[in-house]
Amino acid sequence: MNTHLVRGACPTLAAPMATGDGLLVRLGLAEGGMSAEALTTLCRLAMRHGNGIVEVTARGNLQIRGLTSSTAPHLATQVEALGLDLAAGLPVETSPLGGLDPGEIADPRPLGRALRMAVAKAGLADSLGPKVSVVVDGGGAISLARVPADIRLTALRIDGVVGWQLALDGKVDERPLFVLKEANAVPAVLAVLAMIAAIGRKARARDLAREKLDAIAPAATSGACPSPVASIDHAGHCPEEWPSRLRLMDDRLAMFVGLPFGSIQAEKLVAFLDAVDPEEIRLAPQRSLILICRNEEEARRTAECAPEFGLIVDASDPRRTIFACPGAPACASARITAREIGQRLAGAIAPGLAVHVSGCAKGCAHSAPTDLVFVGTDAGIGIIRNGRAGDAPFAHVADAEAALALLQEQTS
Ligand code: SF4
């Protein structure tokens, strides 16, 4: 078995992951953003040490691809020298605009920080699997509903009082357990994490029995918020929402820019940043960047320039719901030119249809099921309906033309 066909590891600067196009590192910021100069430097490092492709993932992490075992250590040293606030330990995700978004119910950052500190102090991170994560969703313009999480804290306002709904392994309303005061949220999350850790490093929140969870209720809900039966203001937002711009609480403007298939040539991103010169960049979920602009003029320049560099500014752009891995020729495992096919499908798909084009069955670009999957196989392009790249295709077609014809047939 090829080890790079196994999903599950989380690549870091210190431990890059082997992929079909070399080693890959993934960087996330604990909170906040970085300067345009810092992102430009990261892009230049990607060109020098990797294959010049940078990516932003569905969780809003930056990936640098195509490294080798000799270049990866140089990249790590030079990234560390930038002094970025890199996320480490258990992933605790908050909105990249936390504390700046006028629509949020609560600033998620203090709770996020408290959780990271408490998990580190309890020494829990090493007993948990690399995929276990927590989302702290304070509401506002950035939807974290599509960011998978074992434990999800979602801000609620009940009769004017802010509380945090604790839910496990799923969407906002899936298996909600308790609504907690902020002071009780950290011990409750720690208790759940300890239960996951007690099962073993392969365990996830979905493995926990409800009765066990109910056992932590008395401690977790001591002094809890009232039950959310009435007068409830929910942070949950439509996952399809994707603003193009937002005026922030400090009066700056946030401009949302999507990367087609989450990927861009580093050289092109450098040229875009040079043309726009934003004050700050935030990595955002749904394979996006948020450019924080000082004024209207800068925001206007961003909106005008982004499409010229192949970037997405329109919320209805079909490339937002097409997931495609680098494919051939970038990846040695690929059987098809995934991104080229994805680009061609963009002109043919119905709005909102989620399509995954995967160079092989590993399905690097998207782990969740989509409406349609086109996967490269030894027998041609396999087609899967409502599934993942690793599922069994119901049909095969010979090439991209035939895939397009089938897509039109499926969506007409
Ligand atoms: S899914 Fe794509 S990027 Fe991942 S190994 Fe297969 S071809 Fe390569």
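Side notes on the structure shown:
- Residue pairs meeting the criteria (Cβ under 8 Å; at least 6 apart or on separate chains; first farther than 12 Å from Pro91 by Cα and modelled with pLDDT of 90 or more, in region 127-153; second surrounded by fewer than 21 Cβ atoms within 10 Å (Cβ to Cβ) and aromatic (Phe, Trp, Tyr)): none
- Any hit, region 316-334, residues being within 24 Å of the chain's Cα centre (by Cα), among the hydrophobic types (A, V, I, L, M, F, W, C) and over 20 Å from Ile381 (Cβ atoms): no
- Restricting region 64-105 to residues that are surrounded by fewer than 20 Cβ atoms within 10 Å (Cβ to Cβ) and acidic (Asp, Glu), the residue that is farthest from the chain's Cα centre (by Cα): Glu80
- Count of region 29-52 residues which are outside any helix (DSSP H, G or I) and touching an Asp or Glu at 6+ places or on another chain (Cβ under 8 Å): 9
- One residue from Arg282, Arg300 being at pLDDT 95 or above and either exposed (fewer than 15 other Cβ atoms within 10 Å of the Cβ) or within 16 Å of the ligand (Cβ to nearest atom) (or both): Arg300
- Top-ranked residue in region 339-368 [being small (Gly, Ala, Ser), touching a residue at least 60 places away in the same chain (Cβ under 8 Å) and closer than 18 Å to Asp391 by Cβ; ranked as farthest from the ligand (Cβ to nearest atom)]: Ala368
- Number of the exception - Ala334 against (1) away from the ligand (no atom under 16 Å from the Cβ); (2) over 15 Å from Glu55 (Cα atoms); (3) surrounded by fewer than 23 Cβ atoms within 10 Å (Cβ to Cβ): (1)
- From the list Ala120, Ala145, Ala183, the one residue that fits, being open to solvent by less than 50 Å² (accessible area, probe 1.4 Å) and either not in a helix (DSSP H, G or I) or not charged (D, E, K, R) (or both), is Ala145.
- Single unsatisfied condition, Phe323 versus (1) farther than 30 Å from Val276 by Cα; (2) in a strand (DSSP E or B); (3) not hydroxyl-bearing (Ser, Thr, Tyr): (1)
The values are calculated or read from the model by the stated rules, or taken from the named source; none is laboratory data. What you are looking at is a predicted structure, and each value in this text was computed from that prediction instead of being measured. In this analysis, Cβ positions are derived from the backbone assuming ideal geometry, glycine residues included, and neighbour counts consider all displayed protein chains. Calculation scope for accessible area: heavy atoms of the full protein, side chains included, ligands and nucleic acids excluded. Shrake-Rupley method; radii C 1.70, N 1.55, O 1.52, S 1.80 Å.
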